[in-house]
Amino acid sequence: METRKSKPVVKILITFLRISVGWFFLYEGMIKVFNPGWTSYNFLSNTSGFLSGFYHALASNPFVLRIVDFLNVWGLVLIGLALFVGLFVKFAAIAGTLLLALYYFAYPPFGASLFGPTEGSMYIVDRNFIQAMVLLFFVFSREKGYGIDAIAGLLFRKQNRYSPAGETSSTDGSRSRREMLKNLATLPFLGVLGLGAFRVKDRYGIDVLSGATIQVNAAALGELKGPLPKGKIKNHSISRLVLGGNLIGGWAHARDLIYVSSLFRAYNTERKVYETLMLSENAGIDSINIGFSSNPLMAKYKKMTGSRIKVISQVAPNMNNGDYFEQINGAIDHGADILQIQGNWCDWLVRDNKIEVIHEMLEKIRSNGMIAGLGAHSVEALIRCEQEGIIPDYYMQTMHHDNYWSAHPRENRVVFEVDGKRHPEHGRFHDNMFCLFPDKTVDFVNRTKVPVMGFKVLAAGSIAPEDGFRWAFENGADFICVGMFDFQIVNDVNITVDLLNSLNNRHRQWFA
């Protein structure tokens, strides 16, 4: 008895469902093929489920790990290719379900998150679970959609459908050819998707965020004490603690320790940067302040992950060719959310009596409908701008006290010397201080009526977070911008939460 045929529209929908899951597997596998250094070690060694011992054992043996990596990579490729073109669909679906089960039980979503489910993962049900259910449909369903498997059925039926003269009718032959073309239609579709993926690869490089690669530290996130408070600058809601871009950009203020910048760069590989960003977002930090050169990296991260982190991009004028707006236009093109004139450039422009450049840049930013911030290391630069009637939408000012060992004596401090000459004498500036006159800074911050984001609040690692965060918030900062390694994020969020819940000595009202 002949089985009932599926309606064409149902068959088309099932085909798209199959090739969608197939493309996911194939893309995941090919990304790993093109990244010779890829390994599942981090994924396996950081598992926290009830089967973690099994996964840790796989990661601990280098020989076994190589086998696991090989099977993982080529399993993804072959399963994905088979599903996409409709070849051996049932067997590919069984293999895919088993592979997804291994992913699922490595990080089982059985426990409720402190602040609700993370994106893509609810209680019990996550992305792996849903895809496995789809593949089980193809295991048990007769209908597999259009594909190469169906061609074998067409050829078999063709051999058994002869006219009385011993030949197939022209109607049957024409129908068979049409069905054959439909079942081969996934091949050019695969070519189109493949071409698009290779173009993205050429533009953005290897996707380091493919599955079984990066996992945020769930154990650390479980130690969070509560949600991170937020403030608002015009239409942007921003966490009170903002991620600083220096560590991600590779810049370090390390006094006379000449190896530190190289060490930062060696630690913060692109994958580690992505881990840090993902952990920050999961911990409640929703904004990052970056140097202009980090815009391409952040654009890639947001494109690859769908992240909604707000990017505050610092911009500077090109004084060589007179194009003050080059970086403004570039940051906008890269998708920055907020623009801010870079602190050292504000200092230099005021110092060199070119304050009109600051005014023009702020107006250019605003003409694009964006928030215009103004940064400075020397509060004298902001005071001068205020006197000239140049008021930004928010200030970003260095804010730290000078009660730490490497701060040079007040009598030796010179206005605008931050980012200037590094003196060999111990009692002079040598990349060791960024808020030269804290009292003057506090006076300015407490009388201004626009939001203030304090940065360098730890004097580049010289002040403990509990001390530096409290000093900045108590003395008027609405936000603090802090450079953090991944292992510091949860602790810094908790310090901020505790401080803001018990801040009794702040006299300035919140302006954000």
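The values are calculated or read from the model by the stated rules, or taken from the named source; none is laboratory data. Since the structure is predicted, the reported quantities are computational estimates derived from the model, not experimental observations. Because the Cβ atoms are built from the backbone with ideal geometry, glycine has one as well, and the counts that use them run over all protein chains shown.
Quick look at the values:
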| read-out | value |
| --- | --- |
| Every residue from segment 381-395 that is over 16 Å from residue 370 (Cα atoms) and hydrophobic (A, V, I, L, M, F, W, C) | 381, 382, 383, 385, 390 |
| Residue 344 being of a type outside the set (Asp, Glu), touching a residue at least 60 places away in the same chain (Cβ under 8 Å) and over 19 Å from residue 242 (Cα atoms) | yes |
| Of all residues making up segment 397-425, the number that are closer than 12 Å to residue 438 by Cα, in contact with a Phe, Trp or Tyr (Cβ under 6 Å, 6 or more places away or on another chain) and in contact (Cβ under 8 Å) with a residue 60 or more places away in the chain | 1 |
| Residue match in segment 258-273 (condition: touching a Leu at 6+ places or on another chain (Cβ under 9 Å) and either charged (D, E, K, R) or under 20 Å from residue 340 (Cα atoms) (or both)) | yes |
| Complete set of residues in segment 234-251 that are touching a residue at least 24 places away in the same chain (Cβ under 8 Å) and either under 17 Å from the mean Cα position of the chain (by Cα) or buried (at least 20 other Cβ atoms within 10 Å of the Cβ) (or both) | 238, 239, 240, 241, 242, 243, 244, 245, 246, 247, 248, 249 |
| Extreme residue, surrounded by the fewest Cβ atoms within 10 Å (Cβ to Cβ), among residues of segment 342-356 that are of a type outside the set (D, E, K, R) and closer than 12 Å to residue 377 by Cβ | 344 |
| Selection count, segment 319-333, where residues are free of Cβ contacts under 8 Å to residues at least 24 places away in the same chain and closer than 25 Å to residue 300 by Cα | 3 |
| Single residue of 188, 227 found to be modelled with pLDDT of 70 or more, touching a Phe, Trp or Tyr at 6+ places or on another chain (Cβ under 7 Å) and not aliphatic (A, V, I, L, M) | 227 |
| Members of segment 336-373 that are out of contact with any Lys or Arg (no Cβ under 9 Å at 6 or more places or on another chain), assigned to a strand (DSSP E or B) and small (Gly, Ala, Ser) | 373 |
| Close pairs from segment 444-470: first on the phi > 0 side of the Ramachandran plot, partner aromatic (Phe, Trp, Tyr), Cβ under 9 Å, at least 6 apart | 456/434; 459/404; 459/434; 460/434 |
| Any chance residue 43 is part of a helix (DSSP H, G or I), aromatic (Phe, Trp, Tyr) and surrounded by fewer than 16 Cβ atoms within 10 Å (Cβ to Cβ) | no |
